[in-house]
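The values are calculated or read from the model by the stated rules, or taken from the named source; none is laboratory data. Note that the structure is predicted; figures quoted are calculated from it, not measured. Note that each Cβ is placed from the backbone with ideal geometry, even for glycine, and that neighbours are counted across all protein chains shown. Ligands, DNA and RNA are excluded from the accessible area calculation, which covers all protein heavy atoms including side chains. Shrake-Rupley method; radii C 1.70, N 1.55, O 1.52, S 1.80 Å.
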Amino acid sequence: MRKVWVIGGAAVALGMGFVMLLVVGVYLVAGNLLGGVTAGSRGLAKGAVPAAYKSLVQKWGNLCPALSPALLAAQLYQESGWNPTVVSPADARGIAQFIPSTWATHGIDGDGDGKRDIWDPDDAIPSAASYDCELAKYVKDVPGNVSDNMLAAYNAGAYRVIRAGGVPSISETQNYVKRIRSLEKSFAAPVTRIDPTRQAAGAIAFAQSRLGTPYLWGGDGTAEQGGRFDCSGLTKAAYEKVGIRLPRVANDQYNAGPHPSRDQLLPGDLVFFSDDLTDSRAIRHVGIYVGGGYMIDAPRTGAVIRFDPIDTPDYFGATRVTEDGAKALPTAV
């Protein structure tokens, strides 16, 4: 069985529509999880998947009841960040990160050209879906959520899942399942608005449209800069898009509104990070919260705009910059 190595890449999101915005926690996903199996929500949020792969993910994500297009998209994003040429330290290859021995057994000719090419997304994406569904059959009688057990088997092997009676106590595998199931909500087509304000949703839509863009220190997204941003440049531009002007640097942005606690966070809140948790002037990083414990941020030189977890030791706090959202908080500015 294969071993997955998480690649720190990100999907390139294209042309986000405002209403069809994908956000973890902003929308209720159609169908939700029924009977322990991903069901009902069979579509993809607009712009969530690079255009070159959208039809493949949509088609093959419906291969079996334990899979969905959103779940397959989240898995591919986790595996490779949509990079079809990446190679992991364990020699896992391509957009679906198959190791050659697993590919030899489970790779399929997805595009019908007579070849099974591990590097070709037209083969690798169908193969990932086919392998997922095969694993789902292996673990269908294992207690717990079938889709969770399927993902765990993809990461650690079906035998370990069967022997453990569910997701095994392997931290890498548990984190793999948790992250993909959380990101799944980001890729699913939304149907019902839960909260945040229209401004917050619009700011997130802007940030999502820049997923995969390389970081540039001091970047404001200008044409001369190739549309690149640093962390506070991204948040400033995202909120300028919806009519809210923010200061340029992260530690000034922290003072642009009231400060929700961790359990009060809503999508659209700015989240901040510092090496000195007692001093807001020491804040060195900011992102836009999207729900589910994740933000979109421009992390550092050499990285791209991507999803990152917020619950890290350097998490400083948050600021709500939308007027309607701020009114819902018990704290004053």
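Tell me the label-point distance for the pair GLU172, ASP275, using the 7 Å Cα-to-Cβ offset, in nm and rounded to one decimal.
Taking the simple label geometry, GLU172 and ASP275 are separated by 3.0 nm.
Distances over 24 Å make up what percent of all Cα-Cα pairs in the range 220-333?
For the range 220-333, the share of Cα pairs beyond 24 Å comes to 18 percent.
Quick one: P(r) of the range 106-157 from all Cα-Cα pairs, 10 Å bins, percents rounded to integers, in order of increasing distance.
With 10 Å bins starting at 0, P(r) equals 28, 41, 24, 6.
Longer than 28 Å from Cα to Cα, which of LYS54/LYS236; LYS178/LYS236; LYS59/LYS178; LYS54/LYS115 are they? Say none if no pair is.
Over 28 Å Cα-Cα: LYS54/LYS236; LYS178/LYS236.
Quick one: plug the Kirkwood hydrodynamic radius of the range 61-199 (C-alpha pairs) into Stokes-Einstein at 20 °C, 1.002 mPa s, and report D in µm²/s.
In µm²/s, the coefficient rounds to 138.
Could you report the range 108-205's accessible area per residue, 1.4 Å probe, as an integer in Å²?
Normalised by residue count, the accessible surface of the range 108-205 is 42 Å².
With a probe of 1.4 Å, find how much accessible area the range 270-317 has per residue, and write the answer as a whole number in Å².
39
Using 0.36 nm per residue of separation minus the Cα-Cα distance, give me the extension gain between ALA223 and ASP109 in nm, one decimal.
In short, 36.9 nm is gained.
Can you compute log10 of I(q)/I(0) for the range 134-285 with the Debye formula, treating each Cα as one identical point scatterer, at q = 0.18 Å⁻¹?
Once normalised to I(0) and log-transformed, intensities are -1.03.
Please give the solvent-accessible surface of ASP263 in Å², to the nearest 10, using a probe radius of 1.4 Å with every protein chain present.
Counting only protein heavy atoms, ASP263 exposes about 140 Å² to solvent.
Mind checking the dipole of the range 34-162: about its Cα centre, +1 per Lys or Arg Cβ, -1 per Asp or Glu Cβ, Debye to the nearest 20?
With only Lys, Arg, Asp and Glu charged at Cβ, the dipole is about 360 debye.
Kindly sort TRP60, TRP119 by accessible area of their heavy atoms, largest first, with the probe set to 1.4 Å.
The ordering from most to least exposed comes out as TRP119, TRP60.
Just from the alpha-carbon atoms, what are the Rg and Dmax of the range 126-193 in angstroms?
12.5, 41
What is the Cα coordinate range of the range 245-310 on the first, second and third principal axes, sorted by size from largest, in whole angstrom?
Cα extents, longest axis first: 27, 26, 26 Å.
Whole-Å semi-axes of the range 178-248's equivalent ellipsoid, largest first, each the root of 5 times a Cα gyration tensor eigenvalue?
Taking √(5λ) for each Cα gyration eigenvalue gives 25, 17, 9 Å.
Once the Cβ-Cβ distance between CYS133 and THR312 is put in as r, and R0 is 30 Å, what FRET efficiency do you end up with, to the nearest 0.05?
E between CYS133 and THR312, to the nearest 0.05, is 0.30.
7 Å from Cα along Cα→Cβ at both ASP141 and ARG284: what's the point-to-point distance in nm?
With each label point 7 Å from Cα toward Cβ, the separation is 5.4 nm.
Let me understand the range 72-117 better: what is its radius of gyration from the alpha carbons, and its Dmax, in angstrom?
Gyration radius and largest Cα-Cα distance of the range 72-117: 10.8, 30 Å.
Expressed as a whole percentage, what fraction of the accessible surface of the range 269-312 belongs to carbon and sulfur atoms when a 1.4 Å probe is rolled over the protein heavy atoms?
The value for the range 269-312 is 47 percent carbon and sulfur by accessible area.
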